[in-house]
């Protein structure tokens, strides 16, 4: 089991920003307007904070406690802003780096961490209804979000 002290500052930065990137990966697949984007942004923070209460994995507990103590998102890496395909590729690359670091230094936690990243992304997908009118109707997870979740699961090597 590992905690922040087991990683270099650069590695920890990659590990701690990964749940936000996973959420953004899904959020970018089907933008939900200003209110929806705000709900989705809050969903990933809430998912991080809540999972620390129930996780048996030290790395997830450590990330959760750090987020709750600081309450801020970690510094985001440079992601292309005008090219959605390039942005999603950059996010996937950062996610794969973070999971590779954990797999190398704490293999017993790697699968739980990957599953946790996907769970955070699912919380984002479920945070705001897509479609509908004035909050009525719509669907909880759009087809684009579901496709992004499945794509992300494939990149992480876990089941959606």
(request) Starting from residues that are at pLDDT 90 or above and assigned to a loop (DSSP other than H, G, I, E, B), keep the ones in region 112-160 and report whichever is farthest from residue 89 (Cα to Cα). (result) 158
(request) Among the residues of region 60-76, count how many are more than 18 Å from residue 121 (Cα to Cα) and at pLDDT 85 or above. (result) 1
(message) Looking only at region 69-95, count every residue that is surrounded by 16 or more Cβ atoms within 10 Å (Cβ to Cβ) and within 25 Å of residue 1 (Cβ to Cβ) and tell me the total.
(response) 3
(message) Take the conditions under 13 Å from the mean Cα position of the chain (by Cα), farther than 17 Å from residue 158 by Cα and crowded, with 18+ Cβ neighbours inside 10 Å and apply them to residue 64. Does it pass?
(response) yes
(request) Kindly list, by first and then second residue, each pair from a residue in region 17-45 that is at positive phi and in a helix (DSSP H, G or I) to a residue that is buried (at least 21 other Cβ atoms within 10 Å of the Cβ) and at pLDDT below 70, limited to pairs with Cβ atoms under 9 Å and residues at least 6 apart or on different chains. (result) 33/128
(request) Working only within region 68-98, note down all residues that are in contact with a helix residue (DSSP H, G or I) (Cβ under 6 Å, 6 or more places away or on another chain) and over 23 Å from residue 42 (Cα atoms). (result) 97
(message) If I ask for residues that are under 20 Å from residue 82 (Cβ atoms) and modelled with pLDDT of 80 or more, which ones from region 21-43 would you list?
(response) 21, 24, 25, 26, 27, 28, 29
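The values are calculated or read from the model by the stated rules, or taken from the named source; none is laboratory data. In this text the structure is predicted, and so the values were computed from the model without any measurement. Note that we place each Cβ from the backbone using ideal geometry, even for glycine, and neighbour counts take in every protein chain shown.
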